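To start, the structure under review is shown below, and the notes come after it.
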Amino acid sequence: LVASMEEVEETYIMIKPDGVQRGLVGEIISRFEKKGFKLTGLKLFQCPKELAEEHYKDLQSKSFFPKLIDYITSVPVVCMAWEGIGVVASARKLIGATNPLNAEPGTIRGDLAVQTGRNVVHGSDSPENGKREIALWFKEGELSSWTPAQQPWLT
Ligand code: RTP
């Protein structure tokens, strides 16, 4: 199997406030589950301002930064860690382009969102950021790397 030679990675996926408010939590989780990735962390969480600022620190200089922080901290988000071969780039594909109007139909944003500032979900952009963001959003003991009882057709 070609795929088995590729790296098992982890990524941080977050259902943003609009996704939770619009009742899209189940729909979004199911896309990653059906793809075949493994959920290793999951919680509903209203994040403090400092955490949101740390998560988005690369965007500090942008004019939309204060609005982005207000939005992310306004109501709870759903924090998730997902594991799998090539999960970082694959999750970004499942999510679609940052601006939902440019996101292909079939992607989460392409199917479910309209505005960049309300694009329902976040996904880490590199394996390094996957690790960094999971460590930022989850405490030790909140993650479980479990082994599925049977999965003959997936690695
Ligand atoms: P993402 O990780 O969420 O897919 O986004 P990205 O890296 O592709 O894009 P980035 O520029 O890092 O933006 C991160 C999030 O900031 C919000 N944003 N708002 N003009 C705006 O109002 C604007 N631009 C970006 C979005 O929530 C975006 O996902």
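Determine if region 96-103 includes at least one residue that is more than 14 Å from the ligand (Cβ to nearest atom), touching a strand residue (DSSP E or B) at 6+ places or on another chain (Cβ under 7 Å) and of a type outside the set (Lys, Arg).
Within region 96-103, the subset more than 14 Å from the ligand (Cβ to nearest atom) is none.
Taking every residue of region 96-103 in turn, none turns out to be more than 14 Å from the ligand (Cβ to nearest atom), touching a strand residue (DSSP E or B) at 6+ places or on another chain (Cβ under 7 Å) and of a type outside the set (Lys, Arg).
If a residue must be in a loop (DSSP other than H, G, I, E, B), within 16 Å of the ligand (Cβ to nearest atom) and touching an Asp or Glu at 6+ places or on another chain (Cβ under 7 Å), how many such residues does region 8-39 contain? Show your work before the answer.
Of all residues in region 8-39, those in a loop (DSSP other than H, G, I, E, B) come to 16, 22-24, 36-37.
Subsequent filtering for residues that are within 16 Å of the ligand (Cβ to nearest atom) retains 16, 22, 24.
Okay, now just the ones that are also touching an Asp or Glu at 6+ places or on another chain (Cβ under 7 Å), so none.
The total comes to 0.
I'd like the residue in region 64-91 that is closer than 21 Å to residue 44 by Cα and under 13 Å from the mean Cα position of the chain (by Cα) and, out of all such residues, is nearest to the ligand (Cβ to nearest atom). Can you show your working first?
Step one: filter region 64-91 for residues closer than 21 Å to residue 44 by Cα, giving 68-83, 91.
Imposing the further condition that a residue be under 13 Å from the mean Cα position of the chain (by Cα) reduces the set to 77-83, 91.
Working: 77: 12, 78: 14, 79: 14, 80: 14, 81: 16, 82: 15, 83: 19, 91: 10 Å.
Within region 64-91, the match that is nearest to the ligand (Cβ to nearest atom) is 91.
Filter region 101-127 down to the residues that are open to solvent by less than 70 Å² (accessible area, probe 1.4 Å) and not in a helix (DSSP H, G or I) and list them by number.
103, 106, 107, 113, 119, 120, 121, 122, 123, 124, 126
The values are calculated or read from the model by the stated rules, or taken from the named source; none is laboratory data. Not measured: the values here are computed from a predicted model. Here Cβ is always computed from backbone atoms with ideal geometry, including for glycine, and neighbour counts include all displayed protein chains. These accessible areas exclude ligands, DNA and RNA; they are computed on the full protein's heavy atoms, side chains included. Shrake-Rupley method; radii C 1.70, N 1.55, O 1.52, S 1.80 Å.
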